[in-house]
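The structure appears right after this line, and notes come after that.
The values are calculated or read from the model by the stated rules, or taken from the named source; none is laboratory data. Please read these numbers as outputs of a predicted model, since none were measured by experiment. Please note: Cβ atoms are built from the backbone with ideal geometry, for glycine as well, and neighbour counts cover all protein chains shown. Each accessible area value is taken on the protein alone, full model and side chains, heavy atoms only, with ligands, DNA and RNA left out. Shrake-Rupley method; radii C 1.70, N 1.55, O 1.52, S 1.80 Å.
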Amino acid sequence: MTIPIDAAYALELDAQDKLAHFRERFIITDPDLIYMDGNSLGRLPKATLPLAENLLQQQWGDRLIRSWNEGWFTAPERVGEKIAHLIGAHPDEVIIADSTSINLFKLVVSALRYQQGRTRIITDNLNFPSDIYILQGAIDLLDKQHQLDIVPSTDDIHGPTSELLAHLGQQTALVTLSHTTFKSGYVYDMPMLTKAVHAVGALALWDLSHSVGSVPLDLRTAQVDLAIGCTYKYLNGGPGAPAFLYIRRDLQEHLRNPISGWMGQKDLFRLELAYQAEAGLRGFLTGTPPVLSLSLIEPGVDLLLEAGMDNLRIKSERQSEYLIALWETVLAPLGFTLNSPRDVGRRGSHISLGHAEGLRIDLTLLNDMGVIPDFRAPDNIRLGIAPLYTSFRDIHSTVIRLQQIVTEKLYEKYPDEVPIVT
Ligand SMILES: *Cc1c(COP(=O)(O)O)cnc(C)c1O
């Protein structure tokens, strides 16, 4: 596909974009800054500010402890229900608690205990490192009775689907994968893999951190067993906002939260000393929820629900196709490689571009060119497309600035050594 590479064409695409007005619903303090990192930390929705003010002034300042009965206590389910709508789950299948890593730990340990006698856990080497560390920690805790199979991708871009299928067997307890992988943006075929996992009697646990808010999901139809995900990426929930966990309805009564705390206790204010888990997902809570950051997740989720995941996906596909077409014409001749799947159906909402000078180009883009990307070792310049606020113009400018950095060798001012934080 050849496309016009001029800025006027990008502006034309923006003019045709029916979702373009959602950009105005976010705080944008510097109109010249191009933000291509909404897949790491989503922008701040305007509606979050008055809510934060209300939480502090009214709910905490004025209502004090009475607020627990005026919405705080039920906030984990209330926000969970909204996320359930986004991912095609039943409202009582999602709850907000803790961080993604901790929720993964709770679900993995409970799933392995439930799958007594089965000893293999399967994942891939494209999974987020924290997920792998959590699996290793869970295996240690359960006295090293399990073996972790990390199935490698053949090209570090595409998930090793057929190899994963070949690993499945009667010993498989659990298969856990990132639905959209964090580096390349590869998207697994969730319904097909979940079905194959079920066929051998194993459980499927999906990390939706890079999918929720970027890819339409239908956990109900796919009959997904377990899932977790982040709220500060495409959901725009704010830095360190707590995560969500999903457990399919019929599994909830069979799984036990390994971190039993008072928030998961049945009739908690009776303060009985013997732990008895609350029915449903509240049993997967542990301690007091972080009410402020939990409450601030809601405005971002509301924006996604208002725009509609199917509409957002259409825009995201158009934008990533546009970026790839520009890459092909403008950047590929300069040594940039496409480190994301070419097939739009297997791609999430971010694009990774590789280059031998990747890190120095990334630093130049960030420090001198007014574009915020992020970088993932060894050479991935990761460009996140958040269709609620990313414009075609943003994508066009990013590509033109990458072109300029390489043709004018602007990156040479940076030393060829790795800084600590990328
Ligand atoms: C961002 C991300 C996480 C984040 O985990 P935290 O516990 O919030 O630090 C986990 N898994 C994946 C796949 C992610 O992309």
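Quick notes on this structure:
- Rounded to the nearest 10 degrees, the inclination of helix 75-87 to the longest alpha-carbon principal axis of the chain is 50 degrees.
- Carbon and sulfur %, accessible surface of the stretch 50-125 computed with the full protein complex present, 1.4 Å: 54 percent
- The order of the peptides 144-157, 246-259, 344-357 by mean Cβ neighbours within 10 Å, most packed first, is 344-357, 246-259, 144-157.
- The residues of the chain have, on average, 43 Å² of accessible surface per residue, using a 1.4 Å probe with all protein chains present.
- Dimensionless Rg ratio for the stretch 93-148, taking C-alpha atoms and the 2.2 N^0.38 Å reference: 1.13
- Pairs of Cα atoms farther than 15 Å apart, the stretch 194-280, %: 68 percent
- Stokes-Einstein D in µm²/s, Kirkwood radius over Cα pairs - the stretch 120-191 at 4 °C with 1.567 mPa s viscosity: 103 µm²/s
- Solvent-accessible area, 1.4 Å probe, carbon plus sulfur percent, for the stretch 333-422: 54 percent
- Each Lys or Arg adds one and each Asp or Glu takes one away; over the other residues whose Cβ falls under 9 Å from the Cβ of residue 223, this sums to +2.
- If you count Lys pairs in the chain whose Cα atoms are under 18 Å apart, skipping same-chain pairs closer than 8 places in sequence, the total is 6.
- For the chain, DSSP calls about 55 percent of its internal beta bridges antiparallel.
- Percentage relative contact order, the stretch 54-205, counting C-alpha pairs under 8 Å, at least six apart: 20 percent
- An ellipsoid equivalent to the stretch 282-418, defined through the eigenvalues of its Cα gyration tensor, has semi-axes of 32, 20, 14 Å when rounded to whole angstrom and sorted largest first.
- Computed over the chain, the Cα gyration tensor eigenvalues convert (square root of 5λ each) into semi-axes of 37, 27, 18 Å, ordered from largest to smallest.
- Gaussian network model of the chain, Cα within-10 Å springs - most flexible of 289, 129, 216: 129
- Sequence-distant residues sharing a close amide H with residue 168 (under 5 Å, placed H): none
- Mean projected area (nm²) of the alpha-carbon convex hull when the stretch 1-142 is viewed from all directions: 15.0 nm²
- Per residue, the average separation of C-alpha pairs within less than 8 Å and at least 6 apart gives the chain a relative contact order of 22 percent.
- The sum of -39500 (n - 2.57) across all DSSP H runs of n ≥ 4, divided by the residue count of the chain, sets its helix-only mean residue ellipticity at 222 nm to -10000 deg cm²/dmol.
- Between 168, 388, 273, the residue with the greatest mean-square fluctuation in the GNM of the chain (Cα pairs under 10 Å linked by springs) is 273.
- Among the protein heavy atoms, those of residue 68 account for about 70 Å² of accessible surface (1.4 Å probe, every chain in place).
- For residue 339, the amide hydrogen comes within under 5 Å of the amide hydrogens of 352, 353, 354, counting only partners 5 or more places away or on other chains and with H modelled in the peptide plane.
- For the stretch 109-266, alpha-carbon Rg over 2.2 N^0.38 Å: 1.01
- Apportionment of accessible area to carbon and sulfur, the stretch 168-318, percent (1.4 Å): 53 percent
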